[in-house]
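Since the structure comes first, as structure tokens, the remarks are kept for the end.
The values are calculated or read from the model by the stated rules, or taken from the named source; none is laboratory data. Predicted model only: the values in this text are computed from it and were never measured. All Cβ positions, glycine included, derive from the backbone under ideal geometry; neighbour counts span all protein chains shown.
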Amino acid sequence: MKIGIFGGNGFVGSAIARKAVARGWNVVSFSRSGTPFATPAGHTPAWAEEVEWKRASVFDPRTYEADLASCDALVSTLGILLETDYKVQGQARPLSVLRAIAENATGSRGNPLARQTDRSYERINRDSALTLYDTFHASRSGARAEASPFVYISAEDIFRPFVPQRYISTKRAAEAEIWKRSNADPSRRSIRPILMRPSLMYHPHLAPSSTLPATLLEATSTLHNLVPKSLHMLPSTHADRVPSETVPPAYQSLAALMSVPPIHVDAVGAAACQAIDSPSVDGVVDVARMRLMLGFDRTDSRTASEGPL
């Protein structure tokens, strides 16, 4: 198995790469810099020596299309939480969330000149994924026994109204279009879409600022789950396997923030690799589905009626 990861030197991309290397897979990482992953202290871990690090521009397929032919799966971790983010990243860092809350409270959205079109939600959260999908699809030549997995790192809808609605609407648009394109001809599907929706991702060493908010959100989700389902006042946050572009009201996003537990970034990496390695897994993989796949939770009635994971 060989997988390509766009953003493999980032927070979530490196977790997927690390878990893939542990499985004995070949991994190639694409990024603007092409530099290997390094810890906050500047150290390059041993597993990074097993990864091929390449420089590429997502919107210039000529910089990476030749490498995709040999990849059995492709992962896109690119995304921004705020349009004023300087660095394109595949996850929502706690400090970015706090900055978004502050900007929302003060009515400030930063320097308007910083919101350049090359870093808009539409371009980074949606168009980059669709460019990668189309390029990967074009590389699938000849007969293959199984459809090739394409993993898109999306997100649970838990940050509104603290971040603009377009953050999540562009991710849902990307999910829906990837699903539509991959199922254009169900009898000859060459791509298996896997749409990962992590919640707040944390790691005590790689992202120390994530520990406190993750602890608080874990507590609220635990309390929520202790209440009998018949007494739940909050709407269900379980996602359907087939994505939809519909974005619910912001109060449902707040409900999800209080009820969906945070997830360790290594668990996201493990779930992504397991999904890639499981031909029956496709469509939306939310936190609940990740936890079931990894054995954190028992199978419930929702998944029993849903069919194979």
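Taking THR39, is it β-branched (Val, Ile, Thr), more than 23 Å from ARG172 (Cα to Cα), in a loop (DSSP other than H, G, I, E, B) and at pLDDT below 95? Answer is yes for this residue.
Regarding GLU146, is this residue part of a loop (DSSP other than H, G, I, E, B), in contact (Cβ under 8 Å) with a residue 24 or more places away in the chain, of a type in the set (Asp, Glu) and in contact with an Asp or Glu (Cβ under 8 Å, 6 or more places away or on another chain)? The answer is no for GLU146. Residue check: ALA176 meets all listed conditions (1) under 18 Å from GLU245 (Cβ atoms); (2) surrounded by fewer than 19 Cβ atoms within 10 Å (Cβ to Cβ); (3) in contact with a strand residue (DSSP E or B) (Cβ under 7 Å, 6 or more places away or on another chain) but one, namely (3).
Table: residues versus (1) touching a strand residue (DSSP E or B) at 6+ places or on another chain (Cβ under 8 Å); (2) more than 18 Å from PRO198 (Cβ to Cβ); (3) of a type outside the set (Lys, Arg); (4) surrounded by 24 or more Cβ atoms within 10 Å (Cβ to Cβ).
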position: ILE5; (1), (2), (3), (4): yes, no, yes, yes
position: GLY10; (1), (2), (3), (4): yes, no, yes, yes
position: ASN26; (1), (2), (3), (4): yes, yes, yes, no
position: ARG32; (1), (2), (3), (4): yes, yes, no, no
position: HIS43; (1), (2), (3), (4): no, yes, yes, no
position: ALA46; (1), (2), (3), (4): no, yes, yes, no
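Kindly check whether there is at least one residue in the stretch 62-69 that is in a loop (DSSP other than H, G, I, E, B) and either out of contact with any Pro (no Cβ under 8 Å at 6 or more places or on another chain) or not aliphatic (A, V, I, L, M) (or both). Yes - at least one qualifying residue is present in the stretch 62-69. Comparison of GLY79, GLY107, GLY142, GLY90 shows that the only residue that is of a type in the set (Gly, Ala, Ser), surrounded by 15 or more Cβ atoms within 10 Å (Cβ to Cβ) and at pLDDT below 85 is GLY90. When restricted to residues that are buried (at least 19 other Cβ atoms within 10 Å of the Cβ) and either free of Cβ contacts under 8 Å to residues at least 12 places away in the same chain or assigned to a strand (DSSP E or B) (or both), the stretch 179-202 contains 9. Against the test of being assigned to a helix (DSSP H, G or I), modelled with pLDDT of 85 or more, buried (at least 18 other Cβ atoms within 10 Å of the Cβ) and of a type in the set (A, V, I, L, M), the options LEU212, LEU257 yield a single qualifying residue, LEU257. Going by the conditions given, is GLU122 of a type in the set (Asp, Glu), modelled with pLDDT of 95 or more and farther than 18 Å from ALA17 by Cβ? Taking the combined requirement at face value, the residue satisfies it.
Residues that are under 23 Å from GLU122 (Cα atoms), at pLDDT 95 or above and in contact with an Asp or Glu (Cβ under 8 Å, 6 or more places away or on another chain) do occur in the stretch 23-35.
Looking across the stretch 3-36 at every residue that is in a strand (DSSP E or B) and without any contact (Cβ under 8 Å) to a residue 60 or more places away in the chain, the one that is farthest from ALA275 (Cα to Cα) is identified as SER31.
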